[in-house]
1. Looking only at region 135-164, filter to residues that are free of Cβ contacts under 8 Å to residues at least 60 places away in the same chain and small (G, A, S); which one of those is farthest from I61 (Cα to Cα)?
2. Out of region 73-86, which residues are assigned to a strand (DSSP E or B) and surrounded by 18 or more Cβ atoms within 10 Å (Cβ to Cβ)?
3. Considering only region 37-73, state which residues are farther than 14 Å from L121 by Cα and polar (S, T, N, Q).
4. Would a scan of region 184-206 turn up a residue that is modelled with pLDDT under 95, under 26 Å from Q44 (Cα atoms), hydrophobic (A, V, I, L, M, F, W, C) and in contact with a helix residue (DSSP H, G or I) (Cβ under 8 Å, 6 or more places away or on another chain)?
5. On the basis of being under 18 Å from L163 (Cα atoms) and of a type in the set (D, E), does D79 make the cut?
6. Considering region 56-72 alone, what residues qualify as being part of a helix (DSSP H, G or I), surrounded by 13 or more Cβ atoms within 10 Å (Cβ to Cβ) and of a type outside the set (K, R)?
7. Might you check whether a residue that is at pLDDT 95 or above, of a type outside the set (A, V, I, L, M, F, W, C) and part of a loop (DSSP other than H, G, I, E, B) occurs anywhere in region 170-179?
8. Out of the residues in region 100-153 meeting the condition of being in a loop (DSSP other than H, G, I, E, B) and β-branched (V, I, T), tell me which one is surrounded by the fewest Cβ atoms within 10 Å (Cβ to Cβ).
Amino acid sequence: MTLTKRLTLGELRYRKKPTLATLRQWSTEFSTNMLTSVWEGFDQLTREIFTVDPSEAEDDIERSITELLEPRIQRHIPDHAPYYLQHASAERESRSKAPAQPPIYDLAFVFWENETFKWPLEAKVLKSDTPAAVSRYVACLREKLLTFKYSPFSTEAAMLGYLFSGQPATAFSSIAQEIPCELTTHPDFAARNHMTSEHVRPVPEDKTDSYPAELRCHHLMMVIEQFTSEKSAVKAQRAIDVRPQLKRRERYCGANGD
């Protein structure tokens, strides 16, 4: 029996494929807004969860941080944004034939207009800032983001580094050395530990009309440390936000075919 790649419900619903120009627009137009909500969510995570010493946690650290981060990012997404955030989101475009399971993103922004379009975020724990410590982080970028296994439609994606020890600047240097690539400061996040790298991916011959070759990877270095008033006077001053009531999100625009 020949195993075939059958249609998923999403592929059936969104049969009309966006143009490359549309994919590039979706990828870049809202990236600053999306990543602002990620940083604001992390600030809230730090204040609410890291009142204990996070270095004492020993089991399932990466998944635990990401699961706790996701709802806090949600709180900072505008009610009528054209996207929503999904934890453990499946990338069915790059799945193998049935019965194989699709790749799963740690987090992904999914666009209401076409829910097969996903703007991914992958998280990795970094126990230190050395080249050896960033090896899994680098492997994810090389083997998944740069091969279209991840982010086949988006020209942008993000890597979240949960840094437990060392300096963000040194971690960035280790990442740049190991990929290798040049990291540059993002002008909208100059005050954050946030850099970007530019890549060109070899597009499969049968996907030249649907996969954009270029990829901008955002590198967010999130320092994981215990939150104290002494260490975080500035952050505490900004922390006067009460958890906003989440309103029911409405579609920003109609889906294809409406």
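1. Step one: filter region 135-164 for residues free of Cβ contacts under 8 Å to residues at least 60 places away in the same chain, giving 135-140, 142-144, 147, 149-150.
Filter once more, so that each one left must be small (G, A, S): 135, 139.
Numbers: S135: 17, A139: 19 Å.
Among those that are free of Cβ contacts under 8 Å to residues at least 60 places away in the same chain and small (G, A, S), it is A139.
2. Step one: filter region 73-86 for residues assigned to a strand (DSSP E or B), giving 83-86.
Within region 73-86, Y83, L85 qualify.
3. Listed by number, the residues that qualify are Q44, T46, T51, S55, S64.
4. No: region 184-206 contains no residue that is modelled with pLDDT under 95, under 26 Å from Q44 (Cα atoms), hydrophobic (A, V, I, L, M, F, W, C) and in contact with a helix residue (DSSP H, G or I) (Cβ under 8 Å, 6 or more places away or on another chain).
5. Working: under 18 Å from L163 (Cα atoms): no; of a type in the set (D, E): yes.
No; evaluated as a whole, the condition is false for this residue.
6. Kept after step one, since they are part of a helix (DSSP H, G or I), are these residues of region 56-72: 56, 61-72.
Filter once more, so that each one left must be surrounded by 13 or more Cβ atoms within 10 Å (Cβ to Cβ): 61-72.
I61, E62, S64, I65, T66, E67, L68, L69, E70, P71, listed by residue number.
7. Initially, region 170-179 is screened for residues at pLDDT 95 or above, giving 170-179.
From what is left, the residues that are of a type outside the set (A, V, I, L, M, F, W, C) are 170, 173-174, 177-178.
Now narrow it down to the ones that are part of a loop (DSSP other than H, G, I, E, B): none.
So far as region 170-179 goes, no, none of its residues is at pLDDT 95 or above, of a type outside the set (A, V, I, L, M, F, W, C) and part of a loop (DSSP other than H, G, I, E, B).
8. So the first thing to find is which residues in region 100-153 are in a loop (DSSP other than H, G, I, E, B), and the list is 100-103, 112-113, 127-134, 144, 148-153.
Among the residues that remain, those that are also β-branched (V, I, T) are: 130, 134.
Working: T130: 14, V134: 28.
Only one residue tops the list, namely T130.
The values are calculated or read from the model by the stated rules, or taken from the named source; none is laboratory data. A quick note: this is a predicted structure, and the numbers were derived from the prediction, not measured. All Cβ positions, even for glycine, are placed from backbone atoms using ideal geometry, and neighbour counts span all protein chains on display.
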